[in-house]
Amino acid sequence: MKNKKYAYLIAFFIITFQNINAQAQLSLTPGAFYNGNFSSDDLNGFGAILGLEYRIRPEHFFSIELRTKYGYYSFDDGTKWREDSYGQLQPPQNKGEARVDYSLFCPQIGLVPKFYLPIIENLSLFLENEFSIGLITGKFRYKGVPDKVHFTESIFNYNVGLGAEYKLEKCTLAGSLGYSTLNFRSKIRKHQPANYQGSIPNQDAVIWINLLVKVPLL
């Protein structure tokens, strides 16, 4: 009798597991993002996203996404450095003299838990939380220092946003807007040249916008 009970129990778990997996949805999530302050005098970044989202079933309230991001960021303190015909660095002519300017590349990878709330058919709202680690690497120019500084540093940031998604026949369109803790200031200050006398302006990339297309794989 005991052996039959165990056999029935094992069969029950196998069938349940198969049903759960049959309903599970794995989606590819390519897209684009903006991270910055919408000001030419401040930090601005753009990039591409490629993620893989797992959801227990298409209508479940929770999912988790493994997300990679590849971003390009720039900052020039509201001014532009220029070079003359001899290749010599010339100071900015407007808004005073720039303290620092740079362009950098920032690849990241992270986990993104999401919580969904259905509104009407095919339309849902969601809350997403992104925990990312990555690298920043690029060229940095400091006021009064003729040579550019090159360095690579690790970085961690947390983003939180509210979004909406709309299901089409073969894919889902999604977008979100939120807050980002991304800030490069401590890394830039860490590598400033010994003869640099200026201050490092704030480097908050506060606004976070994602635009994604979700393509079901299973």
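Considering each residue of region 160-171 in turn, at least one proves to be loosely packed, with under 14 Cβ neighbours inside 10 Å and touching a Phe, Trp or Tyr at 6+ places or on another chain (Cβ under 9 Å).
VAL206 satisfies every condition listed in (1) out of contact with any helix residue (DSSP H, G or I) (no Cβ under 9 Å at 6 or more places or on another chain); (2) open to solvent by less than 20 Å² (accessible area, probe 1.4 Å); (3) within 20 Å of PHE46 (Cα to Cα) except (2).
Against the definition (surrounded by 21 or more Cβ atoms within 10 Å (Cβ to Cβ) and more than 18 Å from VAL160 (Cα to Cα)), how does ARG55 come out, yes or no? Here the answer is yes, as ARG55 does meet what is asked. Within region 111-155, being of a type in the set (D, E, K, R) and open to solvent by 10 Å² or more (accessible area, probe 1.4 Å) holds for GLU121, LYS139, ARG141, LYS143, ASP147, LYS148, GLU153. Summed over region 172-203, residues that are surrounded by fewer than 16 Cβ atoms within 10 Å (Cβ to Cβ), touching a residue at least 24 places away in the same chain (Cβ under 8 Å) and in a helix (DSSP H, G or I) total 1. Please indicate, with yes or no, whether at least one residue in region 185-203 is closer than 25 Å to GLU59 by Cβ and more than 18 Å from the chain's Cα centre (by Cα). Within region 185-203, none of the residues are closer than 25 Å to GLU59 by Cβ and more than 18 Å from the chain's Cα centre (by Cα). For region 64-87, the condition holds for at least one residue, the condition being that it is of a type outside the set (A, V, I, L, M, F, W, C), on the phi > 0 side of the Ramachandran plot and either surrounded by 12 or more Cβ atoms within 10 Å (Cβ to Cβ) or modelled with pLDDT of 95 or more (or both). Restricted to region 128-155, and to residues there that are outside any strand (DSSP E or B) and not hydrophobic (A, V, I, L, M, F, W, C), the residue that is nearest to the chain's Cα centre (by Cα) is LYS148.
Can we say PRO92 is touching a Leu at 6+ places or on another chain (Cβ under 7 Å), part of a loop (DSSP other than H, G, I, E, B), at pLDDT below 95 and farther than 30 Å from VAL213 by Cβ? If you could, list the steps in order and put the result at the bottom.
Values: touching a Leu at 6+ places or on another chain (Cβ under 7 Å): no; part of a loop (DSSP other than H, G, I, E, B): yes; at pLDDT below 95: yes; farther than 30 Å from VAL213 by Cβ: yes.
Here the answer is no, as PRO92 does not meet what is asked.
The lone criterion from (1) open to solvent by 60 Å² or more (accessible area, probe 1.4 Å); (2) within 17 Å of GLY175 (Cα to Cα); (3) free of Cβ contacts under 8 Å to residues at least 40 places away in the same chain; (4) of a type outside the set (Asp, Glu) left unmet by LEU28 is number (3).
The values are calculated or read from the model by the stated rules, or taken from the named source; none is laboratory data. Quick caveat: nothing in here was measured; it's all calculated off a predicted structure. Here the Cβ is made from the backbone with ideal geometry for all residues, glycine too, and neighbour counts use every protein chain on show. Surface accessibility is based on the protein's heavy atoms, side chains included, excluding ligands, DNA and RNA. Shrake-Rupley method; radii C 1.70, N 1.55, O 1.52, S 1.80 Å.
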